[in-house]
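The values are calculated or read from the model by the stated rules, or taken from the named source; none is laboratory data. What you are looking at is a predicted structure, and each value in this text was computed from that prediction instead of being measured. Here Cβ is always computed from backbone atoms with ideal geometry, including for glycine, and neighbour counts include all displayed protein chains. When the accessible area is computed, the model is the full protein with side chains, heavy atoms only, and any ligands, DNA or RNA have been set aside. Shrake-Rupley method; radii C 1.70, N 1.55, O 1.52, S 1.80 Å.
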Amino acid sequence: MSAVLKVAPRFAPMREADLPEVLEAEKAIYSHPWTQGNFADSLRAGYQCWTYRSGGALLGYFVLLVGAGEAHLLNLSVPAARQREGHGSELLREVLRLARAKGARHLFLEVRPSNAAGKALYTRFGFRRVALRRGYYPAREGREDALVLTLAL
């Protein structure tokens, strides 16, 4: 009988070398994905850009902007094949840890009203709606609003 060792998932700073795999995941998840330029600009600007991997397999990633006592979650994504496995919760826990460590007192984010899984995740963590941004997101037909959510840290 042989023992199977599971590699514990780990967070690591996102690098330019991660972008092809991150972009592949983005394109599979979203009708209007972030571009390589969006991610590259976030890396260059010094945003908190992180990947979450197990044994080299990408389980998720996020981009977080922190400044002036606030944090703004710009992107939190789990590749389609790895969704519904709890990775979104692990990503969000790390986002909250980082935001607190960087001195943020509130975390803000936008989510599409049509993103039921995202809304459920944020509700479980205690986020509350504070605003609606009309026509914020590009959509297959026209534009889609964004729910602005916040969490006191």
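Side notes on the structure shown:
- Per-residue packing, averaged as other Cβ atoms within 10 Å, sorts the ranges 79-87, 51-59 into the order 51-59, 79-87, beginning with the highest.
- Dipole size of the chain about its Cα centre, with +1 on Lys/Arg Cβ and -1 on Asp/Glu Cβ: approximately 520 debye, rounded to the nearest 20.
- Between the stretch 91-146 and the stretch 52-90, the alpha-carbon center distance in angstrom: 12 Å
- For the chain: accessible area per residue (Å², 1.4 Å): 58 Å²
- Cβ-based net charge around Ala81, under 15 Å, with every Lys or Arg adding one and every Asp or Glu removing one: 0
- If the segment from Glu85 to Phe125 were pulled out straight at 0.36 nm per residue, it would be longer than the present Cα-Cα gap by 12.7 nm.
- Among Glu24, Glu70, Glu141: highest mean-square fluctuation, GNM of the chain, C-alpha pairs under 10 Å: Glu141
- For the stretch 1-86, the fraction of 1.4 Å probe accessible surface lying on carbon and sulfur atoms is 53 percent.
- Relative contact order (%) - the stretch 93-153, alpha-carbon pairs under 8 angstrom, separation at least six: 42 percent
- Amide N of the stretch 4-28 lying under 18 Å from the label point, which is placed 7 angstrom from the Cα of Gln36 along Cα→Cβ: 14-28
- If you take all other residues with their beta carbon under 15 Å from the beta carbon of Arg44, and give Lys and Arg +1 and Asp and Glu -1, the sum is -2.
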